[in-house]
1. For the range 8-69 and the range 191-241, what is the separation of their C-alpha centers, rounded to whole Å?
2. So who's got an amide H within less than 5 Å of the one on I205, skipping anything under 5 residues away but keeping other chains? H placed 1.01 Å off N, in plane.
3. Could you state the accessible area per residue of the range 203-285 in Å², with a 1.4 Å probe and every protein chain left in place?
4. In percent, what relative contact order does the chain have, based on Cα pairs under 8 Å that are 6 or more apart in sequence?
5. Any idea what the relative contact order of the range 227-285 is, in percent, if you count C-alpha pairs under 8 Å spaced at least 6 apart?
6. Can you tell me what share of the DSSP beta bridges in the chain is antiparallel? A percent to the nearest 5 is fine.
7. How big is the charge dipole of the chain about its Cα centre, in debye rounded to the nearest 20, if each Lys and Arg gets +1 on its Cβ and each Asp and Glu gets -1 on its Cβ?
8. Looking at N187, V258, G272, which one has the Cα that reaches farthest to the positive end of the dipole of the range 183-285 (charges on Cβ: Lys, Arg +1; Asp, Glu -1)?
Amino acid sequence: MNVHILADSACDLPLQFFKDENVTLIPLGVHVNGQEYEDLVAINPKEVYQAIKQGQTPKTSQASPLKLKEIFTDMAKKGTEGLYVAFSSELSGTYQTSVMVANEVKEEFPDFHLSIIDSKAASLGYGLAVVRAAELSAKGLPLAELEAKVKTFCKHIEHLFTVHDLDYLAKGGRVSKASAFVGGLLNIKPLLDVEDGKLIPLEKIRGKKKVFRRMIELMGERGKDLSQQTVAISHGDDEQTAAEVKEMIEEAFSPKKVIINPIGAAVGSHSGPGTIAVFFLNESL
């Protein structure tokens, strides 16, 4: 039996992927309109962005420990080996909680084999790691080898992204309110990346077109064999800009494949509408 793959909704892969690839979805929590929803299952990204545009501030919560225990116990009873690729521990407590819950289940079922990886990644950067895990599992790799290969993949994922409005990141404590105010006044677009799982501001660039040109430049500097890669673009309810960035990437690097998907509630609640992110590898794997 192949190793079963698990991932949480912060990977921003479509619900259909989980069904098609038989990957278990662990939803994060979204609090909006006075209600709590399971991300991707009971609420979709468009509804979350609509709420933000109406002035609401959605809150997110880590995966439910009860849900994790239910999933892990069911696997343990069936003797299913698993690999859970988790959202960056620097951006959510889900990884730590899942490790704690897995240890509880292993006390009851000592023969239960579940490895949990801290992807140190977010959105479709994390999603690319989940896709790779599913591909490798389908080849029948044993758990230890699968875990090692996916960990290596995660170490080489590059994230580059810009937000439409710094206020959303300021509300989430990602940037200071003063720099958000200055950014809005001067049409300054921040360019950010993720290092060791944390959001890191790289540069401030004036104007939308310039920030995307700079993204492409940095892809060229950081990426390795981009023509052989699947590149991912995620967006905060802005399909048109994502399509324009896709054209720029295809023109510059002719990647094997480009996938586009909306940023889900877990990340989008903090980054806000209009965010554009690109993900690729800095090593040939």
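1. The range 8-69 and the range 191-241 have Cα centres separated by 24 Å.
2. K189, L191
3. 47 Å²
4. Rounded, it is 23 percent for the chain.
5. 54 percent.
6. Of the beta bridges lying entirely in the chain, close to 60 percent run antiparallel.
7. 780 debye
8. My answer, from the dipole projection, is N187.
The values are calculated or read from the model by the stated rules, or taken from the named source; none is laboratory data. Please read all numbers here as calculations on a predicted model, not as lab measurements. Cβ sites come from the backbone with ideal geometry, for glycine too, and all protein chains shown count toward neighbours. The accessibility values were calculated without ligands, DNA or RNA, using every heavy atom of the protein model including side chains. Shrake-Rupley method; radii C 1.70, N 1.55, O 1.52, S 1.80 Å.
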